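Okay, structure first, notes after.
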């Protein structure tokens, strides 16, 4: 049986098209992908992201443990700070990409829904193997999480939330209480827009949706609900990796363009292999592509040189509602990864010219 987030009743009442996503019944869309995408870019959208894992770590060896399993150390993090990092295996492949946040008495790790159980098993075995003293609490199903993203979100929520959202820096958060109920407000997101993400008790979900979004059924509403489909097109325009596409256990973060999220001076699992890859240079790298026509290059599409030699494969592709172009991300041989390189994408036996371009495809004008 599929799991339901605390906002499931809202999705059903809003006539969302529901799908199975990593074992959760989630809204794919409410109106249309393009409408929800443009609503996010131009005003604001609210996304249910409660399916993502929320793991709490506490105890005397917590910091040591995190330094051993994350590609960036947590020693210099202050209370109220978040940090993007990766969990790697011994060969440098990515078990998951996560965001870790330091609270007063614990660290919070937000992970991908499909990797939550895998990570819990891995962390539990790691704790036993290394004789570490820390507690791991999975609070995914006892809490809810929503992302509010778009250029008008901060102004809209400034008078609604019990924290000064305008003063929260990117990748920082504040914790507050509403009627004695704790909620945490993070300045982060996965769309390329400004915005926040909120974690709150599951029992507050219904009230929170009304408080945060207001009357979303109005044509000119500042905030409207958006589903997983628009979330994917938004993150792709912003050049953000998605696990299972640009990242997996056989893909290292250096090749995926995430060297900035790897501290090679640290002593985490997989660092030796990543040092070797960094020193030698990756054999393949993640690039952005613009196609000459409107057809979409889906995951797995083969990329070749003008003489037909295969040099890469598409990881994600879509038709960009913002740019009005067909775009994709792909891994290609390092020797054919220069900006401006022309490749051929095999779209079901019919070729389309594709040019390598700089990532991200889209960057908001008022960061």
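Read-outs throughout are calculated quantities, based only on the coordinates presented, and are distinct from any laboratory measurement. Computed from a prediction, not measured in an experiment: that's the story for all the values here. Note that we place each Cβ from the backbone using ideal geometry, even for glycine, and neighbour counts take in every protein chain shown.
Find the relative contact order for segment 259-357 and round it to a whole percent, using C-alpha pairs within less than 8 Å whose residues are 6+ positions apart. Relative contact order, segment 259-357: 29 percent. Across all Cα pairs in segment 259-357, the calculated P(r) in 5 Å bins from zero up to the longest distance comes to 2, 14, 22, 20, 13, 11, 9, 7, 2, 0 percent per bin. Under a Gaussian network description of the chain, with springs only between Cα atoms under 10 Å, the residue in 103, 335, 35 that fluctuates furthest is 335.
Label separation (residue 133 vs residue 207): 3.9 nm, computed from points 7 Å beyond Cα along the C-beta direction. Label point 7 Å out from residue 298 along Cα-to-Cβ: which residues of segment 213-251 have amide N under 20 Å? Taking a point 7 Å out along Cα→Cβ of residue 298, the residues of segment 213-251 whose backbone N falls under 20 Å are 228-237, 242-247.
For segment 200-293, the average shadow cast by the Cα convex hull is 10.9 nm², which is a quarter of the hull's surface.
Under 8 Å for C-alpha pairs, at least 6 residues apart: give me the relative contact order for the chain, rounded to a whole percent. After rounding, I find 18 percent. Kindly identify segment 181-224 as rounded, prolate or oblate by the Cα gyration tensor criterion: order the square roots of the eigenvalues as a ≥ b ≥ c, call it rounded if a/c is under 1.5, otherwise compare a/b with b/c, prolate if a/b is larger, else oblate. It comes out oblate by the Cα gyration axes. The ranking of 260, 24 by Cβ neighbour count inside 10 Å, starting from the fewest, reads 260, 24. Remark: 153, 74 ranked as 74, 153, counting other beta-carbon atoms within 10 Å and listing the fewest first. With the biggest extent put first, the Cα atoms of segment 58-209 measure 49, 32, 29 Å across the principal axes.
For segment 272-325 and segment 40-78, what is the centre-to-centre distance using only Cα atoms, to the nearest Å? Between the Cα centre of segment 272-325 and that of segment 40-78, the gap is 28 Å.
Maximal additional length on extending the residue 164-residue 76 stretch stands at 29.2 nm, based on 0.36 nm per residue less the C-alpha distance.
Which of rounded, prolate or oblate describes segment 53-138 when judged by the alpha-carbon gyration tensor and an a/c cut-off of 1.5? Since a/c stays below 1.5, the shape of segment 53-138 is classed as rounded. Using every pair of distinct Cα positions in segment 20-82, the Kirkwood expression returns a hydrodynamic radius of 15.6 angstrom. Working note: 222 nm ellipticity from helices only, DSSP H runs with n ≥ 4, each -39,500 (n - 2.57), summed and divided by the residues of the chain, gives -5500 deg cm²/dmol to the nearest 500.
Measuring r between the beta carbons of residue 307 and residue 91 and using R0 = 30 Å, the FRET efficiency lands at 0.35. Largest GNM mean-square fluctuation among 145, 207, 329, using the chain with Cα springs under 10 Å: 207. Relative contact order of segment 102-202, taken over Cα pairs closer than 8 Å and 6 or more residues apart, is 26 percent.
Residues 204, 109, 1 in ascending order of nearby Cβ atoms (within 10 Å, fewest first): 1, 204, 109.
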